[in-house]
Amino acid sequence: MLGWLKRKPSTYETLRSLLFGDALPPIARGRQPNVQEANVPRFWVEIRELYARGERAATVERLLAAARDLAADSRLRLEAWRALRSLGTAPSVDERDRVEGVVVETRAERGLVSLAAYSDRTARHLIENGPCLVWDARHPDVDARIDSLLAAADAAARRFTAHESRADKPIPALGLWRFSVLTPAGIKTPQATTEDTDSNLDALIRAAVALVSTLNERQRGSTETRT
């Protein structure tokens, strides 16, 4: 099919694709006419230029600095680790299982529901065919809920192996929960049914529901304040 006939991704699809930090950044890609440079963050432009000049050691050094910068955006750290793994540099034993974020997804009658929370205390709540909430503010109630969710994700995913991306994991069917636990080593993907008795997964579901409730409360409070 001709490129100009392809359906453009919806806002929901675009936002969901950014949740996981597993897209391989454009390190070795050449300048292609269909790539809009304005949409590539400056960090990745600089990384690509370093790599294109053959400065592999400097590229790895710059990526490691970004991946280990705990003050940086969590998804940037995840993308940096993804790029490093593609270059043959793996996180250390102490780093590999650190939970940088978690994406919790389940399918409701109205479509897929995605909740993402990150160690930088940002969050996303996306509803297919519904509203999308982007949380980049700070509030102690939300911070506490995010911390609880990440702790539950850590406990639930310890026995699972990390994979490079979520590409081989289909979108969950109705009645299933899927958890994408985001780490420097890759993505761990446990899943559960609504009747699952695994205590760790149950705690993860309850922490996710609690975060959604608190996000909605803060969103309503913000709307009421503006009106």
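At a glance:
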read-out: Members of region 83-106 that are touching a residue at least 60 places away in the same chain (Cβ under 8 Å) and not charged (D, E, K, R); value: Ser86, Leu87, Ala90, Pro91, Val99, Gly101, Val102, Val103, Val104, Thr106
read-out: Entirely in region 43-128, the strands (runs of 3 or more DSSP E) that have 1 or more residues that are in the same structural domain as Pro140 (by TED's automatic domain parsing), closer than 22 Å to Glu13 by Cα and of a type in the set (Asp, Glu); value: 101-108
read-out: Residues located in region 61-79, provided they are touching a Gly at 6+ places or on another chain (Cβ under 9 Å) and within 16 Å of Asp97 (Cα to Cα); value: Ser74, Arg75, Arg77, Leu78, Glu79
read-out: Hits in region 134-164 (condition: hydroxyl-bearing (Ser, Thr, Tyr) and closer than 14 Å to Val181 by Cβ); value: Thr161
read-out: Criterion (assigned by TED's automatic domain parsing to the domain that holds Leu133, part of a loop (DSSP other than H, G, I, E, B), closer than 27 Å to Arg77 by Cβ and at pLDDT below 80) met by exactly one of Asp168, Asp196; value: Asp168
read-out: Conditions (1) exposed (fewer than 10 other Cβ atoms within 10 Å of the Cβ); (2) assigned to a loop (DSSP other than H, G, I, E, B); (3) modelled with pLDDT under 80; (4) of a type in the set (A, V, I, L, M, F, W, C): number failed by Ala28; value: (1)
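The values are calculated or read from the model by the stated rules, or taken from the named source; none is laboratory data. All values derive from a computational prediction rather than experimental measurement. Neighbour counts are summed over all protein chains in view; Cβ atoms, including those assigned to glycine, are modelled from backbone coordinates with ideal geometry.
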